[in-house]
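Participant: Sending over a structure as structure tokens; questions will come in a sec.
The values are calculated or read from the model by the stated rules, or taken from the named source; none is laboratory data. This structure is a prediction, so every number in the text was calculated from the model and none was measured. Virtual Cβ from ideal backbone geometry, glycine too; neighbours counted across all protein chains shown. Surface areas here come from the heavy atoms of the whole protein model, side chains and all, with no ligands, DNA or RNA. Shrake-Rupley method; radii C 1.70, N 1.55, O 1.52, S 1.80 Å.
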Amino acid sequence: MPEIVIIGTGISGAAAACRLARAGHDVLLLDRYAPAAMASGWTLAGVRCSGRHPAELPLAQAAVTEWQTLHEDLGADLFYRREGNLRLARTPDEVAVIRDMVADQTAAGLELSFIEGKDVQEIAPAVSPSVLAASWCPGDGHADPHASVAAFIEAAARAGAQTSWGEEVTSLDVEHGRITGVTTTARSIPCERVILAAGVFADKLLAPLGLSLPYLLRVVTVVRSEPLPERILAPVIGVANADCAGRQEIGGQWRASTGVGPWDGNYDDSTGKPEIRPTLASVRDVIDRFGTVIPAFSSARIQSVWTGIIDTTPDALPVLDTPQAVEGLVVGAGFSGHGFCLGPVTGRILAALATGDPVDHDLAPFRLARFEGWNGRAEALTLHG
């Protein structure tokens, strides 16, 4: 009988399992698919402070600090590189957006600068000369998403955590307002506490308990190229209106994506993993948009394409909470497409919430109750990558 069941093996769930197992708790980590099968595997894996909502910035700052030595803590290469982030302005209107963002975030204490013209190409010669300006955050970086999640899970397993893949949780079991276990497609599992880090499936498990986590499900198309003979771009690239983003991986491959788009709700998981087939139009959009700011991308050969689901909450901030209505339940979901970087910190927060230990961050902006009376509208997703 596990003490704590964690549902979902994205980076937050995996990190929570690692922290709890190392602290001596009996942990079972469950996933209906496999580790990093959804958002944490689909992501560009940016590790950044720039462009963050003010409420999220302290989490990102703490996470970026932790990423610098995380490979030592986990005993694995996460392919983390602190090579900066450029957020580009392509039009005069976007220049104003970037300038304002830099002013706001430098006032909040972030090391960020506004650069124009040839100064952009001096930092990243691969950027098109048509780009007018950019924000430059040298402390940002990127990592390998699958390697990072795997490292947390392997560290958790070494500390005694149990794991089970291909096992879908169908319900959270509650008696007298308290978690008593979970029911899966294979069995009933008694437990004292549950961390729900199930991404786009979280609300389905919350609804029977009278709880609601509202989000809009949108999709992002990603194109990955074959390796180039040389690596010509170090920073992660974003743009002012978040309609594309990308980077060049350590191995030379380009990984680029569009902004969010509508989703018809269809996906195929008959092979044991979720697959959403991108449209030809969405692939063309990635090539056109990212190729406009990084011309070398347009001539690269395509290795693979995929589409990922983004669970965008109304304010584009996640939920990190212990709902009062259900004792023993912890919710960590709704990361809105920019939760990968936060994983080491959000995993630590979820672990602390599960055990009642102190949390070093203000969680008021991340409470589930903030959506009571939600009017059905959502913020535009501007914090991409």
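Participant: Tally up the residues in the stretch 161-188 that are among the basic types (Lys, Arg) and surrounded by 13 or more Cβ atoms within 10 Å (Cβ to Cβ), please. Give the steps one after another, and end with the answer.
Facilitator: Taking the stretch 161-188 as the starting set, the residues that turn out to be among the basic types (Lys, Arg) are 178, 187.
Then drop every residue that is not surrounded by 13 or more Cβ atoms within 10 Å (Cβ to Cβ), which leaves 178.
Number of matching residues: 1.
Participant: Just one of (1) touching a residue at least 24 places away in the same chain (Cβ under 8 Å); (2) surrounded by fewer than 17 Cβ atoms within 10 Å (Cβ to Cβ) trips up residue 206, so point out which.
Facilitator: So residue 206 meets the others, but not (2).
Participant: Of the residues in the stretch 1-11, how many are over 14 Å from residue 354 (Cβ atoms) and surrounded by 24 or more Cβ atoms within 10 Å (Cβ to Cβ)? Write out each step before concluding.
Facilitator: Filtering the stretch 1-11 down to residues over 14 Å from residue 354 (Cβ atoms) leaves 1, 9-11.
Filter again for surrounded by 24 or more Cβ atoms within 10 Å (Cβ to Cβ), leaving 9-11.
Within the stretch 1-11, residues that are over 14 Å from residue 354 (Cβ atoms) and surrounded by 24 or more Cβ atoms within 10 Å (Cβ to Cβ) number 3.
Participant: Then there is this: When you scan the stretch 311-348, how many residues do you find that are assigned to a strand (DSSP E or B) and hydrophobic (A, V, I, L, M, F, W, C)? If you could, list the steps in order and put the result at the bottom.
Facilitator: Residues of the stretch 311-348 assigned to a strand (DSSP E or B): 311-312, 319-321, 327, 329-333.
Still in the list and also hydrophobic (A, V, I, L, M, F, W, C): 319-320, 329-331, 333.
Summing the residues that are assigned to a strand (DSSP E or B) and hydrophobic (A, V, I, L, M, F, W, C) in the stretch 311-348 gives 6.
Participant: Then there's this: Residue 14 fails exactly one of the following numbered conditions: (1) in contact with a Lys or Arg (Cβ under 9 Å, 6 or more places away or on another chain); (2) farther than 19 Å from residue 250 by Cα; (3) buried (at least 24 other Cβ atoms within 10 Å of the Cβ). What is the number of that condition?
Facilitator: Every listed condition holds for residue 14 apart from (1).
Participant: Checking the condition out of contact with any Pro (no Cβ under 6 Å at 6 or more places or on another chain), open to solvent by 20 Å² or more (accessible area, probe 1.4 Å) and of a type in the set (A, V, I, L, M), which residue from 157, 151 passes?
Facilitator: Details: 151 fails: open to solvent by 20 Å² or more (accessible area, probe 1.4 Å).
Going through 157, 151 in turn, just one is out of contact with any Pro (no Cβ under 6 Å at 6 or more places or on another chain), open to solvent by 20 Å² or more (accessible area, probe 1.4 Å) and of a type in the set (A, V, I, L, M): 157.
Participant: Considering only the stretch 209-234, state which residues are among the hydrophobic types (A, V, I, L, M, F, W, C) and either open to solvent by 50 Å² or more (accessible area, probe 1.4 Å) or in contact with a Gly (Cβ under 9 Å, 6 or more places away or on another chain) (or both). Walk me through how you get there before you give the answer.
Facilitator: Start the filter on the stretch 209-234 by keeping residues that are among the hydrophobic types (A, V, I, L, M, F, W, C), which leaves 209, 211, 213, 216-217, 219-220, 222-223, 228, 232-234.
Across the stretch 209-234, the qualifying residues are 213, 216, 217, 219, 220, 222, 223, 228, 232, 233, 234.
Participant: Of the residues 104, 93, which single one is within 25 Å of the chain's Cα centre (by Cα) and exposed (fewer than 15 other Cβ atoms within 10 Å of the Cβ)?
Facilitator: Values: 93 fails: within 25 Å of the chain's Cα centre (by Cα).
Just a single option satisfies the conditions, and that option is 104.
Participant: Which condition breaks for residue 351 when tested against (1) hydrophobic (A, V, I, L, M, F, W, C); (2) surrounded by fewer than 24 Cβ atoms within 10 Å (Cβ to Cβ); (3) in a helix (DSSP H, G or I)?
Facilitator: Tallying (1) hydrophobic (A, V, I, L, M, F, W, C); (2) surrounded by fewer than 24 Cβ atoms within 10 Å (Cβ to Cβ); (3) in a helix (DSSP H, G or I), residue 351 fails exactly one: (2).
Participant: Here is a list: 258, 313. Which entry is farther than 26 Å from residue 374 by Cβ and surrounded by 22 or more Cβ atoms within 10 Å (Cβ to Cβ)?
Facilitator: Details: 313 fails: farther than 26 Å from residue 374 by Cβ.
Unique residue meeting the criteria: 258.
Participant: The conditions are (1) at pLDDT 95 or above; (2) open to solvent by less than 40 Å² (accessible area, probe 1.4 Å); (3) over 28 Å from residue 94 (Cβ atoms), and residue 200 fails exactly one of them. Which is it?
Facilitator: (1)
Participant: For the stretch 320-338, how many residues are in contact (Cβ under 8 Å) with a residue 40 or more places away in the chain, of a type outside the set (Asp, Glu) and surrounded by fewer than 24 Cβ atoms within 10 Å (Cβ to Cβ)? Steps first, answer last, please.
Facilitator: Of the stretch 320-338, the ones in contact (Cβ under 8 Å) with a residue 40 or more places away in the chain are 320-321, 323, 325-338.
Next, from what is left, pick out any that are of a type outside the set (Asp, Glu): 320, 323, 325-326, 328-338.
Restricting the remaining residues to those that are surrounded by fewer than 24 Cβ atoms within 10 Å (Cβ to Cβ) gives 323, 325-326, 328.
Of the residues in the stretch 320-338, 4 are in contact (Cβ under 8 Å) with a residue 40 or more places away in the chain, of a type outside the set (Asp, Glu) and surrounded by fewer than 24 Cβ atoms within 10 Å (Cβ to Cβ).
Participant: From the list 302, 237, exactly one residue is open to solvent by 50 Å² or more (accessible area, probe 1.4 Å), of a type in the set (A, V, I, L, M, F, W, C) and touching a residue at least 60 places away in the same chain (Cβ under 8 Å). Which is it? Reasoning before the result, please.
Facilitator: Working: 237 fails: open to solvent by 50 Å² or more (accessible area, probe 1.4 Å).
Result of the check over 302, 237: 302.
Participant: In addition: Looking only at the stretch 17-24, decide whether some residue is in contact with a Leu (Cβ under 7 Å, 6 or more places away or on another chain) and crowded, with 24+ Cβ neighbours inside 10 Å. Give the derivation first.
Facilitator: Of all residues in the stretch 17-24, those in contact with a Leu (Cβ under 7 Å, 6 or more places away or on another chain) come to 17.
Imposing the further condition that a residue be crowded, with 24+ Cβ neighbours inside 10 Å reduces the set to 17.
Scanning the stretch 17-24, I find at least one residue that is in contact with a Leu (Cβ under 7 Å, 6 or more places away or on another chain) and crowded, with 24+ Cβ neighbours inside 10 Å, so the answer is yes.
Participant: Taking into account only those residues within the stretch 364-385 that are within 15 Å of residue 60 (Cβ to Cβ) and modelled with pLDDT of 60 or more, which is least open to solvent (accessible area, probe 1.4 Å)?
Facilitator: 366
Participant: Out of the helices (runs of 4 or more DSSP H) lying entirely within the stretch 51-124, which hold 2 or more residues that are within 22 Å of residue 294 (Cβ to Cβ)?
Facilitator: 92-107, 118-123
Participant: What residue, of 55, 34, 63, is in contact with a Gly (Cβ under 8 Å, 6 or more places away or on another chain), in contact (Cβ under 8 Å) with a residue 60 or more places away in the chain, surrounded by fewer than 22 Cβ atoms within 10 Å (Cβ to Cβ) and at negative phi? Walk me through how you get there before you give the answer.
Facilitator: Numbers: 55 fails: in contact with a Gly (Cβ under 8 Å, 6 or more places away or on another chain); 63 fails: surrounded by fewer than 22 Cβ atoms within 10 Å (Cβ to Cβ).
Among 55, 34, 63, only 34 is in contact with a Gly (Cβ under 8 Å, 6 or more places away or on another chain), in contact (Cβ under 8 Å) with a residue 60 or more places away in the chain, surrounded by fewer than 22 Cβ atoms within 10 Å (Cβ to Cβ) and at negative phi.
Participant: Tell me the residue from 271, 292 that is open to solvent by 40 Å² or more (accessible area, probe 1.4 Å), over 18 Å from the mean Cα position of the chain (by Cα) and closer than 30 Å to residue 165 by Cβ, please.
Facilitator: Values: 292 fails: closer than 30 Å to residue 165 by Cβ.
Every option except 271 fails the conditions.
Participant: Something else now. Just need a number here: residues in the stretch 134-153 that are aliphatic (A, V, I, L, M), under 22 Å from residue 14 (Cβ atoms) and outside any helix (DSSP H, G or I).
Facilitator: So in the stretch 134-153, the residues aliphatic (A, V, I, L, M) come out as 134, 143, 147, 149-151, 153.
Subsequent filtering for residues that are under 22 Å from residue 14 (Cβ atoms) retains 143, 147, 149-151, 153.
Subsequent filtering for residues that are outside any helix (DSSP H, G or I) retains 143.
Residues flagged as aliphatic (A, V, I, L, M), under 22 Å from residue 14 (Cβ atoms) and outside any helix (DSSP H, G or I) within the stretch 134-153 amount to 1.
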